[in-house]
1. Per 10 Å bin from zero, what fraction in whole % of the C-alpha pairs of segment 66-108 is there, up to the bin with the longest pair?
2. Of the heavy-atom accessible surface of the chain (probe 1.4 angstrom), what whole percent is carbon and sulfur?
3. Within the chain, what's the longest run with no GluC sites (Glu not before Pro) in a DSSP loop and at most 14 other beta-carbon atoms within 10 Å? Give the range, please.
4. So how strong a dipole does the chain carry about its Cα centre when Lys and Arg Cβ are +1 and Asp and Glu Cβ are -1, to the nearest 20 debye?
5. Suppose all protein chains stay in the model; what accessible area per residue would a 1.4 Å probe give for segment 18-152, in Å²?
6. Under the classification rounded if a/c is under 1.5, otherwise prolate if a/b is larger than b/c and oblate if not, where does segment 58-152 fall, given a ≥ b ≥ c as square roots of the Cα gyration tensor eigenvalues?
7. Of the beta bridges DSSP finds with both residues in the chain, what % are antiparallel, to the nearest 5?
8. Please check the chain for the longest run free of chymotrypsin sites (Phe, Trp or Tyr not before Pro) that are loop-located per DSSP (anything but H, G, I, E, B) and have at most 13 other Cβ atoms within 10 Å.
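The values are calculated or read from the model by the stated rules, or taken from the named source; none is laboratory data. In this text, all values refer to a predicted model and were calculated from it rather than measured experimentally. FYI the Cβ positions are ideal-geometry reconstructions off the backbone, even for glycines, and counts take in every protein chain you see. SASA here: full protein model, heavy atoms, side chains in, ligands and nucleic acids out. Shrake-Rupley method; radii C 1.70, N 1.55, O 1.52, S 1.80 Å.
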Amino acid sequence: MSAPPYLALRDVGQVRLEVVGPDPGAADSAEGSVPNNASLVLLAEVRGVRLLLTGDAEPPAQAFLARTLAGLHVDVLKVPHHGSRYQDLDLLCGLAADVAVVSVGADNDYGHPSPGLVAALDACGTDVWRTDRDGEVVVAPGDDGLEVRTSR
C-alpha cells in the first residue's frame, strides 16, 4: 500500500508501522471532536499479522481512512473511540478483521462500547473482545490463525 507523502513508514524491530492518519484537514472540520479526529492512526504489521490502531477517530476521520485505505483488510482492529456509537460501520466491517479489541473502562459513564456497534462487528464475522469484560487482551499468531488470550 502506498501512503500519501505526508504519512510515515517506519520499521521498529520486527514491527512495520505506517502512519495513516489523521487527515491533515481534521482540525478544519466542524464535525465531531477535533481532538478525536486528530488521533494518530497506525497500520502495523508484525510476523505477518496486520493491525489497524485507530485512536479515537470519529466518522469524519474514518471517512478519510475509508478513502485512503480503500480495500484494506486487517487481521486485528483496535476499535475507534472505545466503541462509541459514532462509527462508520461500512469502513469497520469492510476491514474484514478476524479480531476486534475495544479498549474501554468498566462502568464508564458513556455507555461504551455501543451494543449496536458490538452487534454489527459480530454480524460481519469479527470476534469482539472488550477490556471491560475480558481484562487485558493479547492477540498473537498461533498454529491455526490468531490466538486471543485474556486476563479474565
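1. Calculated P(r), rounded to whole percents: 27, 53, 17, 3.
2. Working: 4160 of 8230 Å².
About 51 percent, which is the carbon plus sulfur part of the accessible surface.
3. Details: sites that count: GLU31, GLU136.
Within the chain, the longest run free of exposed GluC sites (Glu not before Pro) spans 32-135.
4. 220
5. Working: 6790 Å² over 135 residues.
Accessible area per residue: 50 Å².
6. Working: a/c = 2.05, a/b = 1.10, b/c = 1.86.
It comes out oblate by the Cα gyration axes.
7. On the way: 21 of 31 bridges.
The antiparallel proportion sits near 70 percent.
8. On the way: sites that count: TYR6, TYR110.
Of all site-free stretches, the longest is 7-109.
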